[in-house]
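For reference, the structure is listed below as structure tokens.
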Amino acid sequence: MDLTQLKTFERDSSSTTDQSVIEDCISLEAEIPEALYKGMKDFIGGNPDWDQYKVMSSALANFLFQNGCEDRAVTERYLNDIFNLSDA
């Protein structure tokens with residue numbers, strides 16, 4: 001995605017004001033080492049309340065929070081996951 005596409009995406013997504021949507025979701029594709037994939041698959045297999053989307057979202061929130069991100073939504077997600085209160 002080039003800078004022009006990103007700016008267009010940001011403008012289009014910021015114009016959305018539907019209050020019924022609690023969280024906006026963006027599709028993400030990433031290559032990960034096979035060992036991480038197997039670990040995630042084993043974790044999900046043993047924890048039926050989790051799926052690949054929740055695991056990746058939680059991991060990303062954890063990384064961002066621990067590396068200085070001050071966005072309130074990231075902080076809330078991180079804390080909810082720590083205290084196992086997340087509804088996502």
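The values are calculated or read from the model by the stated rules, or taken from the named source; none is laboratory data. Not measured: the values here are computed from a predicted model. Cβ coordinates were reconstructed from backbone atoms using ideal geometry, including for glycine residues, and neighbour counts include every protein chain displayed.
Taken over the stretch 74-88, the criterion of being under 21 Å from residue 25 (Cβ atoms) and loosely packed, with under 12 Cβ neighbours inside 10 Å is satisfied by 85, 87. Only one entry of 38, 7 meets the criterion of being at pLDDT 95 or above and assigned to a helix (DSSP H, G or I), and that entry is 38. Residues in the stretch 41-58 that are part of a helix (DSSP H, G or I), surrounded by 10 or more Cβ atoms within 10 Å (Cβ to Cβ) and not hydrophobic (A, V, I, L, M, F, W, C): 41, 42, 52, 53, 54, 57, 58. Within the stretch 64-84, residues that are part of a loop (DSSP other than H, G, I, E, B) sit with their Cβ atoms under 9 Å from residues that are surrounded by 15 or more Cβ atoms within 10 Å (Cβ to Cβ) and of a type in the set (Gly, Ala, Ser), at 6+ positions apart or across chains, in these pairs: 69/61.
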